[in-house]
1. Just to be sure I follow: if Rg is taken over the C-alpha atoms of the stretch A:268-316 and Rh is the Kirkwood radius over the same atoms, what is Rg/Rh?
2. When the accessible area of the stretch A:2-315 is computed with all protein chains present and a 1.4 Å probe, what percentage of it is carbon and sulfur?
3. Ranked from the most accessible area to the least, with a 1.4 Å probe and all protein chains present, what is the order of B:Thr32, A:Thr281, C:Thr100?
4. From Cα pairs below 8 angstrom and at least 6 apart in sequence, can you work out the relative contact order of chain A, rounded to a whole percent?
5. Any chance you could list the semi-axes, whole Å, largest first, of the equivalent ellipsoid that the Cα gyration tensor gives for the stretch C:25-118, using √(5λ)?
6. How big is the stretch A:17-117 along each principal axis, measuring the range of its Cα positions in Å and listing the largest first?
7. Using only the alpha carbons, work out the radius of gyration and Dmax of the stretch C:122-183 in angstrom.
8. Using the charge dipole of the protein assembly as shown (Lys, Arg: +1 at Cβ; Asp, Glu: -1 at Cβ; taken about the Cα centre), state which of C:Gly105, B:Pro118, C:Phe23 has its Cα farthest towards the positive end.
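The values are calculated or read from the model by the stated rules, or taken from the named source; none is laboratory data. Just so it is clear, the structure is predicted and the values come from calculations on it, not from any experiment. As a convention, Cβ positions derive from the backbone with ideal geometry for all residues, glycine included, and neighbour counts pool all protein chains shown. Surface areas here come from the heavy atoms of the whole protein model, side chains and all, with no ligands, DNA or RNA. Shrake-Rupley method; radii C 1.70, N 1.55, O 1.52, S 1.80 Å.
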Amino acid sequence: MSILYWLLWILLLFVWALLVGGIDRKIVAHLQGRYGPPFWQNITDFVKLFYKKGKVASRTALVVIDVALVIGVAAAVLALSVLPFPMGSGDSQLLSASGDLIIFAYAFALMAMVYVLIGFGGKSPYTLVGASREISMLLSYEIPFILLIVAMGYRAVFITGLPVESIFSMSALLAAKSQLGTLLMDPIFLGIFLVLLVLGPAVVGSVPFDIPEAETEIVDGYGAELHGPRLGVLFGLKHIKLITYSYFLWMVFVSPLTGSVLLNVLSALLGSLLVAIVINTIPRAVSGRFRIDQGAKFYLLGPGLASLLLLLLTLV
Amino acid sequence: MSIFKPEKSLWIYHLNTGSCNGCDIEILAALTPKYDAERFGVKLVGSPRHADIIVATGPVTAVAKESVLRVIDQVPEPKAIVVTGVCGITGGVFRGGYSIAGPLDTLVPVDVYVFGCPPKPEGIMVGILKAAEVLELKRKGMYQKDVVRISETGGVL
Amino acid sequence: MPFGEIFGKLVDTLVGGPVVKPFPKEPVKVPPKWRGKPLYDAEDCTGCRQCERVCPPAAISIEDNKGEFFHYEIDYGVCIYCWYCIDACPTAALTGDDRTGLYVGTDRTQEKIESGVPYVECPVCGSKILRPARTLVIRQFKKYTPETLVRASVCPKCRREKTPEEIESAVQKFLEDHGIPRD
Ligand code: SF4
Ligand code: SF4
Ligand code: SF4
């Protein structure tokens, strides 16, 4: 029964992801003094891409791209399956195991690797440059990300006093959350949350750090050779990545617990919208794109050192 | 349902075939806050494979001809081509020059012409919306060259 | 870093509301001194071909079949709306459209003017001359009527060689023969 609910939930989350993309465009438009597209615009874009039929360049390795897209969808489903979902009373997970926090981090790295694979499958200079830029971005933000995940695991075990086997499991985090009310009460978790917010634009590939898909410089980077339904899947995948990350931040760190399903669902949707606005919309409205070396330096020096510090603090 | 209507999402690709840059600036002006073409779902994309509508400027120069034809070939169907500016329509001031291989409509079928040197941004917007009608007819398989009438110049859409 | 400034600007825009022009709902507003299409009025044209000479992209093409028809054509697919032709025209046969901003079409051959000036008979000697321009007729006779048009159509050769009495009687005869109303 719970799997049915869960399927319903990720379907809802996907539509919500497209809506969040549209709301993001609307907000940016209003910040720039425009009306902007209707907030369901990204749904229209997504549907439209499935009507298109084009020619494939002979050098493109379609098999690689198809496999990559399937892996991407699987990784998204995997990441969502270990995250708590707001059906039933309180937070519950579809799959729960010790070490599922690692699975989550792995799924995110996998989604970035999908972009790299798509870039290498495209085999045009632009997609190759996009793929190599994606790798450098991945290397620069993945180090702080993993350090933070480790720090989160240790801190949760420390707070709840659970046995050390349950380190790196989502359930320990949830237990810590129900103990503290919200994880932001704890200064270390607050620090981790803030650094994760700073990591956000790079993880979801939004503007100051959308270096791998810079459309004005390298014609959309890794996705340049895709069109039609394949581009549609990639388009959906980007939105799913954004919503999964925001949803993770909201659900694990902030979301208040209530008994009612409806309230839980509402809080999850609105909370993920809020986080998405913070990590996607506002940076997009106030800044331009960085160069790749600036991006890498920023992430290794800023969040990198901060996450190292936080990890040391948790261990002490 | 207009949410699921493909013609409400128009991704345009800006193709410069050797223009003087006047029309290119006006195309970008059509996307700025004063004119805001994005409220019709228009988005400028970087790759021709993502595009629905090609907005072409310039008389096709002999050097650019091969690339122009290849780029247009890469755009997935259904597609529409809007030619902006008189030098894309007939050659304009460059007409008859030794380096001109165009105009574009002698090479590929062109759907909408926007007159002017350069045209007003509103004109380009109207051209893109006309191209959306063309796209709808093409999707339904009813497109003939003369089905879409010339618009009342400057009139309400 | 001027982040505070940027945020201040953003809030200003957000509060001030969109600056978008109300274009598709309302017709285009063009700025003063806007240069739109040049429009041609054959009545006023003397066939001096100055406009053809000055037109930078050669949008104006004239075919002068001497003695039959002065064929005049402006192709808006070539015209760059510079209005040089309007400045050059001595009789104001070309006027500019300063109100319309948009010319969009799906067929480029629709966007052109085709017109021309017929040749008329000289009432005195019967040779063919280009129909006199309205502005010139008005300058000479203060009004533009069929009779003044006939009076203005006397060819230069006759004006030079014939006496005014000869011309007057020939014109009277011509008016009678062709049943042209007098003023
Ligand atoms: S139409 Fe005129 S402004 Fe536009 S590209 Fe050609 S020459 Fe330049
Ligand atoms: S406006 Fe300029 S380009 Fe157009 S017909 Fe007159 S002189 Fe030629
Ligand atoms: S339109 Fe004016 S400039 Fe052109 S031929 Fe006629 S009178 Fe001369």
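1. Working: Rg = 14.8 Å, Rh = 13.1 Å.
So for the stretch A:268-316, dividing Rg by the Kirkwood Rh gives 1.13.
2. Working: 8990 of 11970 Å².
After summing per-atom areas, the C and S share lands at 75 percent.
3. Details: B:Thr32 55, A:Thr281 0, C:Thr100 30 Å².
Of B:Thr32, A:Thr281, C:Thr100, the descending order of accessible area is B:Thr32, C:Thr100, A:Thr281.
4. Values: 504 pairs, mean separation 81.4, N = 316.
Reported as a whole number, the value is 26 percent.
5. Details: eigenvalues 123, 45, 26 Å².
The answer is 25, 15, 11 Å, longest axis first.
6. Extents along the principal axes, in whole Å: 46, 42, 23.
7. That works out to 11.0, 27 Å for Rg and Dmax.
8. C:Phe23
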